[in-house]
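Written out below as structure tokens is the structure these notes cover.
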Amino acid sequence: MRIAIGNRQRAVAIESELLRHIGKRALALCLPHPGPEKTLLPELERVDVWIVSDRRSAALHERFFNLAGPTDVITFQHGEIVIASGVAVRQARAHRQPLWRELARYLVHGLLHLHGYTDAQPAQAAAMWRVQERLLRAALRGLPKPAVG
């Protein structure tokens, strides 16, 4: 299975190759991990990750979920993960971590949604968060630290 990263915004510099590398590692870790529900992930030929503006994220959020405003990650069951760059920047600052790490977290979050995880209820969100953080740490283990945030 392939993972592709597409940058559809211009406001934030994105290290697409680093994110793709992390995505490949996260995908390899996620696939054998048992999902809580029926998983679509092994059936996909590829996963496309799109980094978009907050404006585009808000439009998709409204169109598909009838909710106003941008959101961090939107996952479509046919293998697309849409990440809002502005949300990622704000959350990275709030958590005092580099942007690439926040983007990697969102990528893992999207992969878990494709793997059958949901975060609609607090208990589901907590369970998903634990798996997400464990997979993220494993995907980042041994990677050289990027020169930029």
Worksheet item: What is the one condition in (1) closer than 24 Å to LEU143 by Cα; (2) at pLDDT 90 or above; (3) surrounded by 13 or more Cβ atoms within 10 Å (Cβ to Cβ) that SER53 does not satisfy?
Response: (1)
Practice prompt. Mind listing just one residue for me: the one in segment 66-83 that is farther than 18 Å from LEU112 by Cβ and out of contact with any strand residue (DSSP E or B) (no Cβ under 6 Å at 6 or more places or on another chain) and, of those, surrounded by the fewest Cβ atoms within 10 Å (Cβ to Cβ)?
Written response: ASN66
Fill in: Condition check for ALA68: part of a loop (DSSP other than H, G, I, E, B), of a type in the set (A, V, I, L, M) and modelled with pLDDT of 95 or more
yes
Item to complete: For segment 46-92, name all the residues that are under 21 Å from ALA26 (Cα atoms) and charged (D, E, K, R).
Response: ARG46, ASP48, ASP72, GLU80
Worksheet item: On the given criteria, is HIS33 assigned to a loop (DSSP other than H, G, I, E, B) and either surrounded by 15 or more Cβ atoms within 10 Å (Cβ to Cβ) or at negative phi (or both)?
Response: yes
Worksheet item: Could you say whether any residue in segment 1-10 is in contact with a Ser or Thr (Cβ under 7 Å, 6 or more places away or on another chain), at pLDDT 95 or above and in a strand (DSSP E or B)?
Response: yes
Worksheet item: For PRO42, are the conditions met, namely being under 26 Å from ALA139 (Cα atoms), part of a helix (DSSP H, G or I) and not basic (Lys, Arg)?
Response: yes
Worksheet entry | Flag for GLY110 being surrounded by 20 or more Cβ atoms within 10 Å (Cβ to Cβ), touching a residue at least 24 places away in the same chain (Cβ under 8 Å), under 16 Å from LEU29 (Cβ atoms) and of a type in the set (Gly, Ala, Ser) | yes
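The values are calculated or read from the model by the stated rules, or taken from the named source; none is laboratory data. Please read these numbers as outputs of a predicted model, since none were measured by experiment. Don't worry about glycine lacking a Cβ; one is built from the backbone with ideal geometry, like all the others, and counts go over all protein chains shown.
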